[in-house]
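Participant: A single structure is presented below for examination.
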Amino acid sequence: MDTMEAEAGSATLYDLLGRHWKVGAPVTNVAFDAAGKAVAFALADGSLAIAPLVDSEPPIDRCRIALDEGRATISPRRNPVPPLTKVVISDGRLHLASVKPSGFIASDGGELLHVSTAGVTRQISRLRAAIDLVVPVCAGGVLLSSGGSLIHYQPNGEIGWVQERGGGNSSAMAVSPDGRNFAIGADGCLLIRSFGARPEPAASFDVGLVSTLSWSPYGSWLAASVENAGVVLVRLADARIVRIPTYPANVASLSWSADSRALVTSGAYRIIAWDVSSLADGSEKPTNLATGRARFVLADTVDIHPERQLVAAGYADGMVAIAKIGHSDEMVVRPPGGGAIHALQWSSDGQHLAVGTSEGEAAIVTFPPHVFK
């Protein structure tokens, strides 16, 4: 990673590279529009805050590189950041997912809504039972869990298939990258099923209460964070299970590298990265890749850059740092303060990092190309 300095003044990189908004409630989730036009922040009060990715004063236009030393500096914005669009969806915590070709899916109790990047809402369906989970499907549409049933909605809003009583008391769900399988944590078990109306599970594992699921990009491994039990890795080809229980806190965030070799997690006092490819030789546990620096506060959320071996981490004290996997050097993007980082996600092109805090701040940090060399 390269370095960048601010022009004379007290502004931080977070101030100079980011657009920030006070949204009036804790940020609980974030999603980028599949068309690359906007980002939506889900708020604890049941609202969505939507911001465009287009910036009238992008950092690249405010950067200067000295010809003699090659040092990059960036100047502050000249004008205030335009306000974002706030849409009231529910009176409580809502579920959020991006959907192809554009826009977002949000839920209000048993109501499923499509929200455009301009904030226009359209009802897709109203279910009798409350919606427990909503996750995107790579080919388009979403899969949701409601009242113990699993329902696939196609991109046009029509129902693709239903599995009655197939979801149980679901706590986490994820669809495989190839769309052939999906995984669900329900009633203390991890179930892996074929994507479709057939209810029989392809595999079932008694692992405990699953809180988060994440498939590797190649689809060969499934990572699950299990309450009070760290991380469990499952290889679908041979039903191999690898348990990694040594975490000081529950793991709330899982992220895979684009080549499926590394898994990065939260739940410790530094970024935890595992070389999952090291399991190919029959090892009982993947090799740890020491990443970033140890701190006295927990990493609450992590996300790997979609194109580079970089990971962004958000901490309980509000700090956001970026580190190269397997290296100790860090770039502090956001200094401590202002609430814990509860939402953190890279855009699909790796140019933008969305940040949301427990004290109601939402931000989009945009990085000039020369920052990551």
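Participant: Quick check, is residue 65 among the hydrophobic types (A, V, I, L, M, F, W, C) and touching a Cys at 6+ places or on another chain (Cβ under 7 Å)?
Facilitator: Values: among the hydrophobic types (A, V, I, L, M, F, W, C): yes; touching a Cys at 6+ places or on another chain (Cβ under 7 Å): no.
Taking the combined requirement at face value, the residue does not satisfy it.
Participant: Can you report the number of residues in the stretch 66-101 which are at pLDDT 90 or above and outside any loop (DSSP other than H, G, I, E, B)?
Facilitator: 7
Participant: Would you be able to tell me the number of residues in the stretch 174-222 that are over 22 Å from residue 95 (Cα atoms) and of a type in the set (Phe, Trp, Tyr)?
Facilitator: Qualifying residue count for the region: 3.
Participant: Answer with yes or no whether residue 78 is on the phi < 0 side of the Ramachandran plot, free of Cβ contacts under 8 Å to residues at least 40 places away in the same chain and in contact with a strand residue (DSSP E or B) (Cβ under 8 Å, 6 or more places away or on another chain). Show your work before the answer.
Facilitator: Details: on the phi < 0 side of the Ramachandran plot: yes; free of Cβ contacts under 8 Å to residues at least 40 places away in the same chain: yes; in contact with a strand residue (DSSP E or B) (Cβ under 8 Å, 6 or more places away or on another chain): no.
Spelling it out, it is not the case that residue 78 is on the phi < 0 side of the Ramachandran plot, free of Cβ contacts under 8 Å to residues at least 40 places away in the same chain and in contact with a strand residue (DSSP E or B) (Cβ under 8 Å, 6 or more places away or on another chain).
Participant: Take residues that are in contact with a Ser or Thr (Cβ under 8 Å, 6 or more places away or on another chain), at positive phi and at pLDDT 95 or above and tell me which of the strands (runs of 3 or more DSSP E) falling wholly in the stretch 221-280 contain 1 or more. Don't jump to the end; show me each part of the working.
Facilitator: Working: elements: 221-226, 230-235, 240-244, 254-256, 262-265, 272-275.
The strands (runs of 3 or more DSSP E) meeting that bar are 230-235.
Participant: Could you list, in sequence order, all residues of the stretch 244-266 that are open to solvent by 50 Å² or more (accessible area, probe 1.4 Å) and touching a residue at least 24 places away in the same chain (Cβ under 8 Å)? Even if it seems obvious, please write down each step before you answer.
Facilitator: Just the residues of the stretch 244-266 that are open to solvent by 50 Å² or more (accessible area, probe 1.4 Å), to begin with: 245-246, 248, 250, 252, 258-259, 261.
Result: 248, 250, 252, 258, 259.
Participant: In the stretch 196-218, how many are more than 25 Å from residue 159 (Cβ to Cβ) and among the small types (Gly, Ala, Ser)?
Facilitator: Narrowing the stretch 196-218 to residues more than 25 Å from residue 159 (Cβ to Cβ): 203-212, 214, 216-218.
Add one more test, that the residue is among the small types (Gly, Ala, Ser), and what stays is 203-204, 208, 211, 214, 216.
Number of matching residues: 6.
Participant: Could you say whether any residue in the stretch 295-306 is in contact (Cβ under 8 Å) with a residue 12 or more places away in the chain, open to solvent by 30 Å² or more (accessible area, probe 1.4 Å), outside any strand (DSSP E or B) and more than 23 Å from residue 332 (Cα to Cα)?
Facilitator: No: the stretch 295-306 contains no residue that is in contact (Cβ under 8 Å) with a residue 12 or more places away in the chain, open to solvent by 30 Å² or more (accessible area, probe 1.4 Å), outside any strand (DSSP E or B) and more than 23 Å from residue 332 (Cα to Cα).
Participant: Something else about it: If residue 318 satisfies all but one of (1) on the phi > 0 side of the Ramachandran plot; (2) surrounded by fewer than 21 Cβ atoms within 10 Å (Cβ to Cβ); (3) not aliphatic (A, V, I, L, M), what's the number of the condition it fails?
Facilitator: Exception for residue 318: condition (2).
Participant: For residue 120, work out the one condition from (1) modelled with pLDDT of 95 or more; (2) over 18 Å from the mean Cα position of the chain (by Cα); (3) buried (at least 16 other Cβ atoms within 10 Å of the Cβ) it doesn't fulfil.
Facilitator: (3)
Participant: In the stretch 102-116, what residues are free of Cβ contacts under 8 Å to residues at least 40 places away in the same chain, over 20 Å from residue 21 (Cβ atoms) and part of a loop (DSSP other than H, G, I, E, B)?
Facilitator: Scanning the stretch 102-116 gives 109, 110.
Participant: Turning to a different aspect of this structure: Is it the case that the stretch 21-32 has a residue that's β-branched (Val, Ile, Thr), open to solvent by 40 Å² or more (accessible area, probe 1.4 Å) and over 17 Å from the mean Cα position of the chain (by Cα)? Quick ask: steps written out before the conclusion?
Facilitator: Narrowing the stretch 21-32 to residues β-branched (Val, Ile, Thr): 23, 27-28, 30.
Filter once more, keeping what is open to solvent by 40 Å² or more (accessible area, probe 1.4 Å): none.
No, that holds for no residue.
Participant: Residue under question is residue 321, and the condition is that it be assigned to a strand (DSSP E or B) and either touching a Pro at 6+ places or on another chain (Cβ under 7 Å) or at pLDDT 95 or above (or both); does it hold? Even if it seems obvious, please write down each step before you answer.
Facilitator: Details: assigned to a strand (DSSP E or B): yes; either touching a Pro at 6+ places or on another chain (Cβ under 7 Å) or at pLDDT 95 or above (or both): yes.
When the stated conditions are applied, residue 321 passes them.
Participant: Would you mind telling me which numbered condition in (1) more than 20 Å from residue 270 (Cβ to Cβ); (2) more than 12 Å from the chain's Cα centre (by Cα); (3) open to solvent by 10 Å² or more (accessible area, probe 1.4 Å) residue 309 fails?
Facilitator: (1)
Participant: What number goes with the only condition from (1) in a loop (DSSP other than H, G, I, E, B); (2) in contact with a strand residue (DSSP E or B) (Cβ under 6 Å, 6 or more places away or on another chain) that residue 365 does not pass?
Facilitator: It fails just one condition, (1).
Participant: What are the residues in the stretch 267-294 that are open to solvent by 20 Å² or more (accessible area, probe 1.4 Å) and closer than 15 Å to residue 323 by Cβ, if any?
Facilitator: 269, 270, 272, 288, 289, 290, 293, 294
Participant: Specify the residue that is nearest to the chain's Cα centre (by Cα); the eligible residues are those in the stretch 333-347 that are within 15 Å of residue 303 (Cα to Cα) and open to solvent by 40 Å² or more (accessible area, probe 1.4 Å).
Facilitator: 345
The values are calculated or read from the model by the stated rules, or taken from the named source; none is laboratory data. Since the model is a prediction, treat every value here as computed from it, not as a measurement. In this analysis, Cβ positions are derived from the backbone assuming ideal geometry, glycine residues included, and neighbour counts consider all displayed protein chains. Accessible surface areas use protein heavy atoms only, side chains included; no ligands, DNA or RNA. Shrake-Rupley method; radii C 1.70, N 1.55, O 1.52, S 1.80 Å.
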